[in-house]
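K.L.:
After the structure tokens below, expect a handful of questions from me.
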Amino acid sequence: MSAQAPLPPEYFDRPTLEVARDLLGCVLMSDSPAGRASGRIVETEGYIARIDPAAHAYRGRTVRNAPMWGSPGHAYIYFTYGMHYCTNVVTEADGVAAAVLIRALEPLEGLDLMAERRGVENPQLLCAGPARLSQALGLDARLSGAPLQGPDVFIYPGEPPTEIVATTRIGISRGKDLPWRYYPVGSPWVSRK
DNA sequence: TGAATGATGTTT
DNA sequence: AACATCATTCAT
């Protein structure tokens, strides 16, 4: 028995929408003193600053969005609505601002820890939504910019879905018509149908 | 099942 | 004033 290696940084150095689709089925995992938690990625959205008014980096570089401009294969985690964190994976080459927002997971490991962090028991409510899954995995601003090869956050390869749905993105006011949200056909774990 | 709303604080 | 959200409440 051998441990699976995380996806290498080069995996993320590709067109963002391609990575957004390929990440479906992969496993996002966090390790902390509190324990391990992981889930299968079942919903993603692409954000490409150069052509996308909804991207945080659309208007240029700031302290908050700096990781989006950095090396692929790192986390970009932002604080929003006064109480929530949302987790992205940075894509494209260093100097190009783009990322994939992770919007939902199918919980796999550490459900008790997730429930404790979230304050809910219902597995359906643990990771269905970008802020929910970030809280369930203990991901916050401290990990913005962290590599996705560990030691705190990891993304492992997984079984890709047989068929993928593309829709418009959720919760934005600009760039509404771009069909850059993806999820597996029939997945019961997505944040919205 | 869906609309309305308050919780919260950072960014523009 | 807006925001890549969520939980709760109230109405269908």
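Since every read-out is calculated from the coordinates, none of them should be taken as a lab result. Just so we're clear, the structure is a prediction, and the values are computed from it rather than from any experiment. Virtual Cβ from ideal backbone geometry, glycine too; neighbours counted across all protein chains shown.
K.L.:
Label points 7 Å out from Cα along the Cβ direction at residue A:172 and residue A:112: separation in nm?
P.N.:
Result for the modelled spin labels: 4.0 nm.
K.L.:
Let me ask something additional. Can you list residues whose amide H is under 5 Å from residue A:26's amide H, if they're 5+ apart or on another chain and H is modeled 1.01 Å from N?
P.N.:
A:41, A:158
K.L.:
Can you give the FRET efficiency for residue A:62 and residue A:162, using 1/(1 + (r/R0)^6), R0 = 35 Å, r = Cβ-Cβ distance, to the nearest 0.05?
P.N.:
0.30
K.L.:
In the range A:59-193, with Lys and Arg counted as +1 and Asp and Glu as -1 at Cβ, which of these residues, A:166, A:143, A:155, has the Cα nearest the positive end of the dipole, that is, farthest along it?
P.N.:
My answer, from the dipole projection, is A:166.
K.L.:
Where nothing but the Cβ of Lys and Arg (+1) and of Asp and Glu (-1) is charged, how large is the charge dipole of chain A around its Cα centre, in debye to the nearest 20?
P.N.:
Rounded to the nearest 20 debye, it is 740 debye.
K.L.:
Compute the signed sum of charges (Lys and Arg +1, Asp and Glu -1) over the other residues within less than 14 Å, Cβ to Cβ, of residue A:38.
P.N.:
Counting the neighbours of residue A:38, the net charge comes to -2.
K.L.:
Right, something else. Provide the FRET efficiency to the nearest 0.05 for the residue A:125-residue A:79 pair, computing r from the beta carbons and using R0 = 22 Å.
P.N.:
0.55
K.L.:
For the range A:72-82, in order, what is each residue's ³J(HN,Hα) by Karplus, 6.51 cos²θ - 1.76 cosθ + 1.60 with θ = phi - 60°, in whole Hz (x at glycine and Pro)?
P.N.:
Those phi angles translate into x, x, 10, 8, 10, 10, 10, 9, 8, 6, x Hz.
K.L.:
How large is ³J(HN,Hα) for each residue in the range A:128-135, as worked out from phi by the Karplus curve 6.51 cos²θ - 1.76 cosθ + 1.60 (θ = phi - 60°), to whole Hz, x for Gly and Pro?
P.N.:
Listing the rounded values in order: 8, x, x, 6, 5, 5, 5, 5 Hz.
K.L.:
Pairs of Cα atoms under 8 Å, at least six residues apart: use those to get the relative contact order of chain A, whole percent.
P.N.:
Rounded, it is 28 percent for chain A.
K.L.:
Tell me, what ³J(HN,Hα) does each residue in the range A:92-98 have, in order and in whole Hz, if you take phi through Karplus 6.51 cos²θ - 1.76 cosθ + 1.60 with θ = phi - 60° and put x for Gly and Pro?
P.N.:
Calculated HN-Hα couplings, in order: 6, 5, 3, x, 9, 8, 7 Hz.
K.L.:
Separate question: What net charge is computed for the residues neighbouring residue A:94, neighbours being all others with C-beta under 14 Å from the C-beta of residue A:94, Lys and Arg scored +1, Asp and Glu -1?
P.N.:
Summing Lys and Arg as +1 and Asp and Glu as -1 gives -1.
K.L.:
What is the spin-label model distance, in nm, from residue A:94 to residue A:5 if the labels are put 7 Å beyond Cα along the C-beta direction?
P.N.:
So the two model labels end up 2.1 nm from each other.
K.L.:
While we're here: Dipole of the range A:20-98 (Lys/Arg Cβ +1, Asp/Glu Cβ -1, origin at the Cα centre): which of A:56, A:71, A:88 lies farthest to the positive side?
P.N.:
Positive-most Cα among the choices belongs to A:56.
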